[in-house]
Every structure is written in C-alpha cells, then in structure tokens.
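Read the structure below first, then the notes.
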Amino acid sequence: MAFIHGKSTKIFLNATDFSTYFTTADSTRTVDVAESTTFGSGSKTYITGNKDGTISLAGFFDATADAVLQPLLGGTSALLTIGVDGADATDLVRFGNGNFTSYGVSSPVGDIVATSLDFQSDKGIFDGSVLESATYTSTTTGTARDNAAATTNGGAGFVIITAASGTSPTAIVKIQHSADNSTYADLITFTQATGATSEIKYVAPDTTVNRYLKIVATIGGTNPSFSAIVGFGRNK
C-alpha cells in the first residue's frame, strides 16, 4: 500500500498554477438516485441517475489571486485541475469544467486572512492521470501509457499550456489511442494554441477508449517553446 502526502498537491485554474494560495482541496463525485420502491416491498429500492461533482478549495487571501478569482463568480466557466500527487507524467489528477458558486473571505483577529471557493462541475468530475508534462520546442510523440485494458464509456482529456514563447509559435496537441501499442488513431484534438491556454474536451459515453494512450504535439513557429500538461480520465 502506498499513501500519498498532500504537500505535493497541485491546483491549476485554467492555465495558471494556484497551488501556493490554497491549503485544502476537497473534490466529491456523486450520483443521483431515484426511489423505485413498489407496493409489496419490505425495503426501499433505488436506481441510479446522473453523475455530478463539486470541488471546494480553501487557503490564504492574496490580493493578486483575488483579482483573478473574484470575477469568476458568476462569470464564464473554468477548467479546474487538481494534481493529487503533483502534475508530472503518470501523476493522478481530478479535473472538470464548471462554474464557481461561492467565494468567501474570512478575517480572524488572531490569524491569517483566509479564502474559500466552491466549484460546481459541468458534465462531472473526471479521475485520470497526467499523460505528459514537459516543455516542447519541436514536434514530439509522447510515451505510451498502458491502462491494462480498454474501457467502453468515453471520458475526457485536458491540456494546460502554462507558458509559450517564440515568433508565431503554434502547438496542436492530440491524444491518440491504440489497442496494441502499434497502430494509433486520434482520440482528441485540442484547439491550436499560440500562447498560454487551457482546454477540456470530452469523449462521448459509450465510446471505446483503447488500452494505450499517448500524446502527439505538433509544434510550429520560429524558436517555439510550449510548457504543457496533458491528461486524460476514463469514464468507468
């Protein structure tokens, strides 16, 4: 059994690393249940419905961070990614796209001013892993990641580009999948990036995601450089 210490947790809000502002990240996946009890039953019965997910963050107040976080309440949706044991290749991640539903600031007389946020995901929270975390200066094919078996219920992938430089730099990142680690097909193609950005894309339920996954990053421009984190979570 291998336990994970929370000190290595990483939190990305869209393309920005917010890890140094927070001390707690609680994520919860839930599913609706509907009662199916009929006459004559001695005990209640239920059937499952739609999946859901929420994330709560707590940490310390910072004016710079506040200027970014405040407008997100009631604003556009955001990609929130939690690297449970970091954000390096093969590290575990939970991620989702959604909206912030509350933002609180607490100012105790004898302690540090604190802040808290609640996040409601859209289409659920995905459990997955980082496929690659690297800086790309030329077209690159990543390492194949073996899931041991295919899955048949789709999933979601994300790309986080934290920094980009060069003259007219471009990056097209794909996640590919394979049944045999030999022949690969495109699973997800993210929008071409020209700077720091983030994106989540979904693979429809009932879609087979093959056993092996890898990324292909096609890099263009003059002296380009992209620092990127790419991950995928399967619906199980």
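The values are calculated or read from the model by the stated rules, or taken from the named source; none is laboratory data. Computed from a predicted structure; not experimentally measured. We place every Cβ from the backbone using ideal geometry, glycine too, and count neighbours over all the protein chains shown. We work out accessible area using only protein heavy atoms, side chains counted, and drop any ligands, DNA or RNA first. Shrake-Rupley method; radii C 1.70, N 1.55, O 1.52, S 1.80 Å.
Remarks
- Net charge over other residues, Cβ less than 12 angstrom from the Cβ of residue 90 (K, R count +1; D, E count -1): -4
- Charge tally around residue 184: other residues with Cβ under 15 Å, Lys/Arg +1 each, Asp/Glu -1 each, net 0.
- Comparing 178, 107, 129 in a Gaussian network model of the chain (Cα springs below 10 Å), the most mobile by mean-square fluctuation is 107.
- Modelled this way, with points 7 Å down the Cα-to-C-beta line, the labels at residue 43 and residue 2 are 3.8 nm from one another.
- Cβ-Cβ distance of residue 146 and residue 170, R₀ of 41 Å, FRET efficiency by 1/(1 + (r/R0)^6): the value works out to about 0.85.
- Of 144, 65, 179, the residue with the greatest mean-square motion in the GNM of the chain, using alpha carbon springs below 10 Å, is 65.
- Among the chymotrypsin sites (Phe, Trp or Tyr not before Pro) within region 25-134, those in coil by DSSP and having at most 13 neighbouring Cβ atoms inside 10 Å are 39.
- Percentage relative contact order, the chain, counting C-alpha pairs under 8 Å, at least six apart: 21
- Within the listed set 88, 66, 127, the residue fluctuating most in the Gaussian network model of the chain (springs between alpha-carbon atoms under 10 angstrom) is 66.
- Taking the helices alone, the chain has a mean residue ellipticity at 222 nm of -500 deg cm²/dmol, built from -39,500 (n - 2.57) per DSSP H run of at least 4 residues and averaged over all its residues.
- Restraint check, 174/236; 174/214; 123/236; 7/123; 51/201; 123/201, Cα-Cα greater than 20 Å: 174/236; 7/123
- Each residue, residue 222 and residue 66, gets one label point 7 Å from its Cα in the Cβ direction; the gap between the two is 4.4 nm.
- Surrounding net charge for residue 32, when Lys and Arg each add one and Asp and Glu each subtract one, Cβ distance under 9 Å: 0
- Using a probe radius of 1.4 angstrom, the carbon and sulfur fraction of the accessible surface of region 142-236 is 44%.
- Per residue, region 1-59 exposes 71 Å² of solvent-accessible protein surface, assessed with a 1.4 angstrom probe and all protein chains in place.
- Its relative contact order, with pairs defined as Cα atoms under 8 Å and 6+ residues apart, puts region 91-227 at 31 percent.
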